[in-house]
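Scroll down for the structure; my scribbles are underneath it.
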Amino acid sequence: FYFVYSGSLKVQKSKKGGNMYEVGRLYSGDYFGELAVINNSKRLARITTLTSAIVLEIPRQSFYECFHDTPKIIAEFIIRMKGKHVDLKSILQHNESKALFKVHLEKEHGGENLIFYDAITKFEESYESYNCKEVADQVSNIMETFLDNEAQHAVNRSHRTYTAVQEQVEAKKYSKNMFAQAQTEILQLMESDVFQRFKNTSVFSTLMVQLRSYDDLDVQLLA
């Protein structure tokens, strides 16, 4: 994995006849090589310098050590690799992509789904730091805001899931993952519906260009 500290570089790929053609340029702050590292595959492009440049190298093992606890950075790598085939969860772990999806979601009047998804993520991440009363308060707030029949921002959870969660609440058997199934259902609902329409927008296409996502040819070469 390589990080461009300074300078400019040219990215080239090979045609069937062996001739090289330019597909892009890299500048300070850009990076390359993540596809080969993550997939343990051959490199798909040739990188050459256009000016004097400083490029920092991160070996494969160090790459995983550096980014193991930073899912937001890994998410960008995954988005670049999957391109138009990217999953919603990866989009939601990448701040810029998530913000664009949020705008689209709100235009379709589905903003409560993402608010709920984020609330459950925060609940799970913070669970160990809560005392008993704080856990109970958080659970009550989530139920009243999103899951109860008269919830302020009701989400479309299944009756079966709601019943299972409600039984835990009534028994006061709280757990870190007590809302996990409801969150999964809402994620799947967004992914199968509004996210597919988002992927057909010019906003999504522009995002893929900005992130320099790999084309279908690149993905096929990995098979």
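The values are calculated or read from the model by the stated rules, or taken from the named source; none is laboratory data. What you are looking at is a predicted structure, and each value in this text was computed from that prediction instead of being measured. Here Cβ is always computed from backbone atoms with ideal geometry, including for glycine, and neighbour counts include all displayed protein chains. Only protein heavy atoms, including side chains, enter the accessible area calculation; ligands, DNA and RNA are left aside. Shrake-Rupley method; radii C 1.70, N 1.55, O 1.52, S 1.80 Å.
The table for this structure:
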{"quantity": "Selection within region 3-39 - touching a residue at least 12 places away in the same chain (Cβ under 8 Å) and open to solvent by 60 Å² or more (accessible area, probe 1.4 Å)", "calculated": "PHE3, TYR5, SER14, MET20, GLU22, VAL23, ARG25, TYR27, SER28, ASN39"}
{"quantity": "Condition met for GLU76 (of a type in the set (Asp, Glu), modelled with pLDDT under 85 and touching a helix residue (DSSP H, G or I) at 6+ places or on another chain (Cβ under 7 Å))", "calculated": "no"}
{"quantity": "Count - residues of region 40-60 that are open to solvent by less than 70 Å² (accessible area, probe 1.4 Å) and touching a helix residue (DSSP H, G or I) at 6+ places or on another chain (Cβ under 6 Å)", "calculated": "1"}
{"quantity": "Out of LYS98, LYS107, LYS122, sole residue that is more than 21 Å from GLU167 (Cα to Cα) and open to solvent by less than 70 Å² (accessible area, probe 1.4 Å)", "calculated": "LYS98"}
{"quantity": "Residues of region 79-89 that turn out to be within 15 Å of GLN196 (Cα to Cα) and open to solvent by 10 Å² or more (accessible area, probe 1.4 Å), as a count", "calculated": "5"}
{"quantity": "Qualifying positions in region 8-38 - assigned to a loop (DSSP other than H, G, I, E, B) and of a type in the set (S, T, N, Q)", "calculated": "SER8, ASN19, SER28"}
{"quantity": "Yes/no for THR161 being at negative phi and out of contact with any helix residue (DSSP H, G or I) (no Cβ under 7 Å at 6 or more places or on another chain)", "calculated": "no"}
{"quantity": "Number of the condition not met by SER97 [criteria: (1) of a type in the set (S, T, N, Q); (2) closer than 15 Å to GLN183 by Cβ; (3) in contact (Cβ under 8 Å) with a residue 24 or more places away in the chain]", "calculated": "(2)"}
{"quantity": "Meets criteria (over 22 Å from SER192 (Cβ atoms) and among the aromatic types (Phe, Trp, Tyr)) for PHE123", "calculated": "yes"}
